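The values are calculated or read from the model by the stated rules, or taken from the named source; none is laboratory data. Computed from a predicted structure; not experimentally measured. Cβ placement follows ideal geometry from the backbone for every residue including glycine, while neighbour counts extend to all protein chains displayed. Keep in mind that these areas ignore ligands, DNA and RNA; they rest on the heavy atoms of the full protein, side chains included. Shrake-Rupley method; radii C 1.70, N 1.55, O 1.52, S 1.80 Å.
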Amino acid sequence: MHVVVNAAMSGDGKLSSHRREQIAISGEADFARVDRLRAASDAVVVGVGTVLADDPHLTVKDDDLQDQRRADGRSANPARVVVDSSGRTPTDAAILDDAATTYVCLSEAAPVDRRMALADHAELVTAGDDRVDLLRAFAALQDAGLERLMVEGGGELIFSLFEAGLVDELRVFVGPKIIGGRDAPTLADGEGFLADFPRLELEDVDRLDDGVLLTWAVDER
């Protein structure tokens, strides 16, 4: 399995405002890049916080890219994955429509009524007692044939994936805005590391729109 974390952040490292409001950070060139990355992936992964805040669809937008996926014997859109320990994903969320298969990763603590409601719209993956055990959940996704995963946020999930040692590559567009706010989400939130900080190897730097795209590989040493 290969896991790519992709994000757009402001010049001061914020993903959105302190109100969790989505802010346009990148432009058309980066939107097209993200679409190509989605089209090359087996699944797109987000945390439930992103679903609740943004209600993303997570589909491929370009018709030519969809056609190429079909020509390769794949569905028009990659699968979608929500990491949602307690089953908070709304049943009318855009990510649960029939544009692609959706997997919802739950913990054992998710209420039965929420499981039953979500089971009508998604494939359920249960791993972990109180929180989703990402290692087990991702192993189950791999067993389902999902080998190349693109993670689109948010910061809590990204931190947890780094903590679990599951990230292979990090691609970040840094845009020309300052958002500010001590409570605004950053690329990797969560509890934070105190030691054994994940290290990155810079692989590429590209000027894009009015910002810069940084591509790192995760150093496994």
Are any of the residues in the range 9-19 modelled with pLDDT of 95 or more, aliphatic (A, V, I, L, M) and in contact with a helix residue (DSSP H, G or I) (Cβ under 8 Å, 6 or more places away or on another chain)? no
Looking at D219, D196, D183 in this structure, which one is modelled with pLDDT under 95 and either of a type outside the set (D, E, K, R) or within 19 Å of L15 (Cα to Cα) (or both)? D183
Between R70, R88, R80, R38, which is within 21 Å of A144 (Cβ to Cβ), at pLDDT 95 or above and open to solvent by 60 Å² or more (accessible area, probe 1.4 Å)? R70
Within the range 190-219, residues acidic (D, E) and in contact with a Gly (Cβ under 8 Å, 6 or more places away or on another chain) come out as D209, D210
Taking the range 130-151 as the region of interest, how many residues are assigned to a strand (DSSP E or B) and either open to solvent by 40 Å² or more (accessible area, probe 1.4 Å) or over 26 Å from R74 (Cβ atoms) (or both)? 1
Just a yes or no: is a residue in the range 158-177 outside any strand (DSSP E or B), open to solvent by less than 20 Å² (accessible area, probe 1.4 Å), farther than 20 Å from G47 by Cα and touching a helix residue (DSSP H, G or I) at 6+ places or on another chain (Cβ under 9 Å)? yes
